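The values are calculated or read from the model by the stated rules, or taken from the named source; none is laboratory data. This is a predicted model, so every value here is computed, not measured. Heads up, the Cβs are rebuilt from the backbone with ideal geometry, glycines too, and the neighbour counts pull from every protein chain shown.
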Amino acid sequence: MSSPSSEAKGDHESGTTLSQISPQVSPSEHSSDSPYVDSEAPKSVEGMPFSDFVIENDELHDYESQTAVKRHMDPRVILDLTTMSLVIAGIVTLFLGYPLIRFAGKPKADTKGGFNLGGTNATGQVPNMRDMRFALIDPDTPQDLLTKMSVDGSQEMQLVFSDEFNTDGRSFYPGDDPFWTAVDLWPWPTGDFEWYSPEAVTTKDGSLVITADQVETNNLNFRSGQLTSWNQFCFTGGYIETRIQLPGSSSVSGWWPAVWTMGNLGRANYGATTQGTWPYAYDACDRGTLRNQTDPDGLGPIGALRSGDTVFNNKYDTTSISWQPGQRLSACTCPGEDHPGPKDSSGNFVGRSAPEIDIIEAQVSNGIGGVSQSGQWMPANYGYELINTTGTEYEFFQPSAQLNSYQGNVLQQSASGVVNTRQTAYQYSGGDFSVYGFEYKAGFDGYIHWISDGQRSWSLSSGALAADDRVGISRRPVPQEPMYILINLAISSGFGFIDWANLEFPGKMLIDYVRVYQPKGQINIGCDPEDFPTQAYINRHIEAYTNPNLTIWGGTAAQGGYQQDWPRNRLYPDGCTNPASKYPGPNPAAAAA
């Protein structure tokens, strides 16, 4: 948005002209007895009339002599004026010319994502703070780590972003850092027991430190932190790596530490922005975009109505595969609707969303520490089952690695592999660190390779996300959206059993570094790339992206709604001609009721 400007205007008034007045006094105005008039004034001097009397050398009164005087300027005056001119010119140059010259010579910031108002910060939140760096690559990153080979060793990758967290006492309150922001909110979507506060996030002894403790905050019993690079730093494709010390003990369950990524169109814990965008990764116009992943009438296909009968859906008392409202920014969006774009060669919108790929979510099972490394998807396969026709659509590379028994529920399909961690890389169990990450190629021919303890743990190819006729959906791409980074430490019974009796406080999660690499010649960083733009859409709906109390996109204020119209989907009967609605689906009145 451009800031309003005003122009100061003023009128020049003409000053009053003062005439020169030469008072003339005639002798007749004075009486002879006036004390100021000499009645005996001489009439002549030595025979000359008084009017002809001139004092010698009195050029002031000799008008003829004055006309002959040569007018000239003293050299000292010239020198003084020259000096004053130089001083004035110097002042003008210093306070006006230099800023203009400096501004004109300054490189214009790229408008792609993390390179607009703030140089590297898409929000423009860049204060003047001592020791703050703005380069994407941390100067503390060792020179021999500026490049590395891909996971399969087939190509060299170059470092495009790093943070070594070597400066102690960094602040991550909004606006305090060009790359990261610590949020201040309750993560209600996962029913957490903690409040995320910037107070819980800092740097010390060369690591990022997130502390979870028993500090009552905003009516919750615990305080912890979440750090994100949303709308500040994003990347598409490549390899992200981090070195982590997990909180607590490797044998006590209860902590939920996670390092993960998400598409920039959805801001985590800002429900209005994630409704209908998370965790979709879809660019087809079919029933996969519709509410509950069913036909427009809601009566089929049978796979969508029955294959959700899993143990993880028991609490929902349903057999449906999806309770999602539909993909809000789908490839079926009607012309003229509010959509971030772009359009494909046929003039239809590209399907947009907020997909998720997790580096880790740590858990303890049967007294052994492990991590889930996953991607979250919608629409879902039949029964949430990944396709593995050839047996190579997903593979495992560590002895303890295996497919997670949890594969999804009515809100998401989870392609998750679990693997045991290094048992000494915990706060109270050795104090070591361990390396985790993933490499991915975006698109319909993409893949994801996950890393645990510095080694590949498992891989997923795009073949596992192929079309599934049983539920009538098309193939899904490996996420193509610009992805931002999230780091958090939570406490929630929604992720696993909490052993309150043995859980030690405070819990501390330490991050030694975060580094992002991309193949040479394929650099794609920024939160607003041309083929998957986000900034203009975010700006149009900035309230939804900055108010965590807005929990749904449409609805009413009483429902916590942002009260915006849902983009119309052309697959519904009269979809593009129906009146606008603040609810998804074919029957807004029924949905509202």
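Which one of these is under 23 Å from the mean Cα position of the chain (by Cα) and more than 30 Å from Thr289 (Cα to Cα): Gly341, Gly437? Explain how you work it out, then say what you get.
Working: Gly341 fails: more than 30 Å from Thr289 (Cα to Cα).
Matching residue, one of Gly341, Gly437: Gly437.
Do we have Asn547 as closer than 30 Å to Thr203 by Cα, surrounded by fewer than 19 Cβ atoms within 10 Å (Cβ to Cβ) and not aliphatic (A, V, I, L, M) here? So that I can check it myself, show each step before the final result.
Numbers: closer than 30 Å to Thr203 by Cα: yes; surrounded by fewer than 19 Cβ atoms within 10 Å (Cβ to Cβ): yes; not aliphatic (A, V, I, L, M): yes.
So Asn547 passes the test.
Does Thr202 satisfy the condition of being touching a residue at least 24 places away in the same chain (Cβ under 8 Å) and within 22 Å of the chain's Cα centre (by Cα)? Give the derivation first.
Numbers: touching a residue at least 24 places away in the same chain (Cβ under 8 Å): yes; within 22 Å of the chain's Cα centre (by Cα): yes.
Spelling it out, Thr202 is indeed touching a residue at least 24 places away in the same chain (Cβ under 8 Å) and within 22 Å of the chain's Cα centre (by Cα).
Taking only segment 405-425 into account, find how many residues are assigned to a loop (DSSP other than H, G, I, E, B) and within 32 Å of the chain's Cα centre (by Cα).
Here is the first cut: in segment 405-425, the ones assigned to a loop (DSSP other than H, G, I, E, B) are 405-407, 410-411, 421-425.
Pick out the ones that are also within 32 Å of the chain's Cα centre (by Cα) and you get 406-407, 410-411, 421, 425.
Residues flagged as assigned to a loop (DSSP other than H, G, I, E, B) and within 32 Å of the chain's Cα centre (by Cα) within segment 405-425 amount to 6.
Cβ-Cβ distance below 8 Å, separation of 6 or more or different chains: which pairs start in segment 299-313 with a residue that is on the phi > 0 side of the Ramachandran plot and in the same structural domain as Gln413 (by TED's automatic domain parsing) and end on one that is at pLDDT 95 or above and among the hydrophobic types (A, V, I, L, M, F, W, C)?
none
Look at Ser251 and say whether it is more than 26 Å from Arg170 (Cα to Cα) and assigned by TED's automatic domain parsing to the domain that holds Asp163. Walk me through how you get there before you give the answer.
Numbers: more than 26 Å from Arg170 (Cα to Cα): yes; assigned by TED's automatic domain parsing to the domain that holds Asp163: yes.
Yes; evaluated as a whole, the condition is true for this residue.
Which ones in segment 388-404 are within 35 Å of the chain's Cα centre (by Cα) and under 12 Å from Ala464 (Cβ atoms)?
Selection gives Glu393, Tyr394, Glu395, Leu403.
Which one of these is in a strand (DSSP E or B), in contact with a Ser or Thr (Cβ under 9 Å, 6 or more places away or on another chain) and closer than 28 Å to Ile302 by Cα: Gln376, Gln327?
Testing whether each residue is in a strand (DSSP E or B), in contact with a Ser or Thr (Cβ under 9 Å, 6 or more places away or on another chain) and closer than 28 Å to Ile302 by Cα leaves just Gln376.
Quick one: would you say Pro301 is within 23 Å of Asp574 (Cα to Cα) and either modelled with pLDDT of 95 or more or not hydrophobic (A, V, I, L, M, F, W, C) (or both)?
When the stated conditions are applied, Pro301 passes them.
Got a sec? Which of Phe233, Phe222 is assigned by TED's automatic domain parsing to the domain that holds Gly437, within 21 Å of Cys527 (Cβ to Cβ) and out of contact with any Leu (no Cβ under 7 Å at 6 or more places or on another chain)?
Working: Phe222 fails: within 21 Å of Cys527 (Cβ to Cβ).
So the residue among Phe233, Phe222 that is assigned by TED's automatic domain parsing to the domain that holds Gly437, within 21 Å of Cys527 (Cβ to Cβ) and out of contact with any Leu (no Cβ under 7 Å at 6 or more places or on another chain) is Phe233.
Looking only at residues in segment 475-512 that are surrounded by fewer than 22 Cβ atoms within 10 Å (Cβ to Cβ) and among the polar types (S, T, N, Q), which one is farthest from Ala442 (Cα to Cα)?
Asn502
Among the residues of segment 404-449, count how many are of a type in the set (Asp, Glu) and touching a Pro at 6+ places or on another chain (Cβ under 7 Å). Working first, answer last.
Looking only at segment 404-449, we keep the residues that are of a type in the set (Asp, Glu), and these are 432, 439, 445.
Right, trim to touching a Pro at 6+ places or on another chain (Cβ under 7 Å) and you get none.
Residues flagged as of a type in the set (Asp, Glu) and touching a Pro at 6+ places or on another chain (Cβ under 7 Å) within segment 404-449 amount to 0.
Are any of the residues in segment 390-400 without any contact (Cβ under 8 Å) to a residue 60 or more places away in the chain and crowded, with 17+ Cβ neighbours inside 10 Å?
First pass over segment 390-400, keeping only residues without any contact (Cβ under 8 Å) to a residue 60 or more places away in the chain: 391, 399-400.
Applying the additional criterion that residues be crowded, with 17+ Cβ neighbours inside 10 Å yields none.
The answer is no; no qualifying residue exists.
Please give the number of the condition Lys315 fails out of (1) assigned to a loop (DSSP other than H, G, I, E, B); (2) at pLDDT below 95.
Lys315 satisfies every listed condition except (1).
Among (1) part of a loop (DSSP other than H, G, I, E, B); (2) of a type outside the set (Asp, Glu); (3) out of contact with any Leu (no Cβ under 6 Å at 6 or more places or on another chain); (4) at negative phi, where does Gly369 come up short?
(1)
Would you check if there is a residue in segment 293-306 being within 29 Å of the chain's Cα centre (by Cα) and charged (D, E, K, R)?
The initial filter retains those residues of segment 293-306 that are within 29 Å of the chain's Cα centre (by Cα), namely none.
No - not one qualifying residue is present in segment 293-306.
Taking Thr261 as the residue in question, decide whether it is touching a Leu at 6+ places or on another chain (Cβ under 9 Å), farther than 30 Å from Ser162 by Cα and buried (at least 23 other Cβ atoms within 10 Å of the Cβ). Give the steps one after another, and end with the answer.
Details: touching a Leu at 6+ places or on another chain (Cβ under 9 Å): yes; farther than 30 Å from Ser162 by Cα: no; buried (at least 23 other Cβ atoms within 10 Å of the Cβ): yes.
No: the conditions fail for Thr261.
Out of the residues in segment 349-399 that are of a type in the set (A, V, I, L, M, F, W, C) and touching a Lys or Arg at 6+ places or on another chain (Cβ under 8 Å), state the one that is farthest from Arg267 (Cα to Cα).
Applying the first criterion (of a type in the set (A, V, I, L, M, F, W, C)) to segment 349-399 yields 349-350, 354, 357, 359-360, 362, 364, 368, 371, 377-378, 380, 386-387, 396-397.
With the extra rule that they be touching a Lys or Arg at 6+ places or on another chain (Cβ under 8 Å), the set shrinks to 349-350, 377, 397.
Numbers: Phe349: 22, Val350: 20, Trp377: 17, Phe397: 33 Å.
Going through the qualifying residues, I end up with Phe397.
Any residue in segment 320-349 that is without any contact (Cβ under 8 Å) to a residue 24 or more places away in the chain sitting within a Cβ distance under 6 Å of a residue that is not in a loop (DSSP other than H, G, I, E, B) and not charged (D, E, K, R)? List the pairs, counting only those 6 or more apart or interchain.
Lys343/Phe349; Phe349/Thr333
In segment 380-394, is there at least one residue being among the charged types (D, E, K, R), more than 24 Å from Tyr239 (Cα to Cα) and out of contact with any Cys (no Cβ under 9 Å at 6 or more places or on another chain)?
Within segment 380-394, the first condition is being among the charged types (D, E, K, R), and the residues that meet it are 385, 393.
From what is left, the residues that are more than 24 Å from Tyr239 (Cα to Cα) are 385.
Cutting the leftovers down to out of contact with any Cys (no Cβ under 9 Å at 6 or more places or on another chain) gives us 385.
There is at least one residue in segment 380-394 that is among the charged types (D, E, K, R), more than 24 Å from Tyr239 (Cα to Cα) and out of contact with any Cys (no Cβ under 9 Å at 6 or more places or on another chain).
Quick one: count up the residues across segment 188-199 that are touching a Pro at 6+ places or on another chain (Cβ under 9 Å) and in contact (Cβ under 8 Å) with a residue 40 or more places away in the chain. Explain how you work it out, then say what you get.
Start the filter on segment 188-199 by keeping residues that are touching a Pro at 6+ places or on another chain (Cβ under 9 Å), which leaves 188, 194-196, 198.
Those still in the list that are in contact (Cβ under 8 Å) with a residue 40 or more places away in the chain too: 188, 194, 196.
Of the residues in that region, 3 qualify.
Out of curiosity, is Ala558 outside any loop (DSSP other than H, G, I, E, B), more than 15 Å from the chain's Cα centre (by Cα), surrounded by fewer than 21 Cβ atoms within 10 Å (Cβ to Cβ) and modelled with pLDDT of 95 or more? Quick ask: steps written out before the conclusion?
On the way: outside any loop (DSSP other than H, G, I, E, B): yes; more than 15 Å from the chain's Cα centre (by Cα): yes; surrounded by fewer than 21 Cβ atoms within 10 Å (Cβ to Cβ): yes; modelled with pLDDT of 95 or more: yes.
So Ala558 passes the test.
Return the only residue of Arg470, Arg476 being within 30 Å of the chain's Cα centre (by Cα) and not hydrophobic (A, V, I, L, M, F, W, C).
Details: Arg470 fails: within 30 Å of the chain's Cα centre (by Cα).
Of Arg470, Arg476, the one residue that is within 30 Å of the chain's Cα centre (by Cα) and not hydrophobic (A, V, I, L, M, F, W, C) is Arg476.
With surrounded by 20 or more Cβ atoms within 10 Å (Cβ to Cβ), at pLDDT 95 or above and out of contact with any helix residue (DSSP H, G or I) (no Cβ under 6 Å at 6 or more places or on another chain) as the only criterion, which of Asp152, Asp163, Asp140 stands out?
Numbers: Asp152 fails: surrounded by 20 or more Cβ atoms within 10 Å (Cβ to Cβ); Asp140 fails: surrounded by 20 or more Cβ atoms within 10 Å (Cβ to Cβ).
When all the criteria are applied, what remains is Asp163.
Criterion first (surrounded by 14 or more Cβ atoms within 10 Å (Cβ to Cβ), charged (D, E, K, R) and in a loop (DSSP other than H, G, I, E, B)) does Asp574 satisfy it? Give the steps one after another, and end with the answer.
Numbers: surrounded by 14 or more Cβ atoms within 10 Å (Cβ to Cβ): no; charged (D, E, K, R): yes; in a loop (DSSP other than H, G, I, E, B): yes.
No; evaluated as a whole, the condition is false for this residue.
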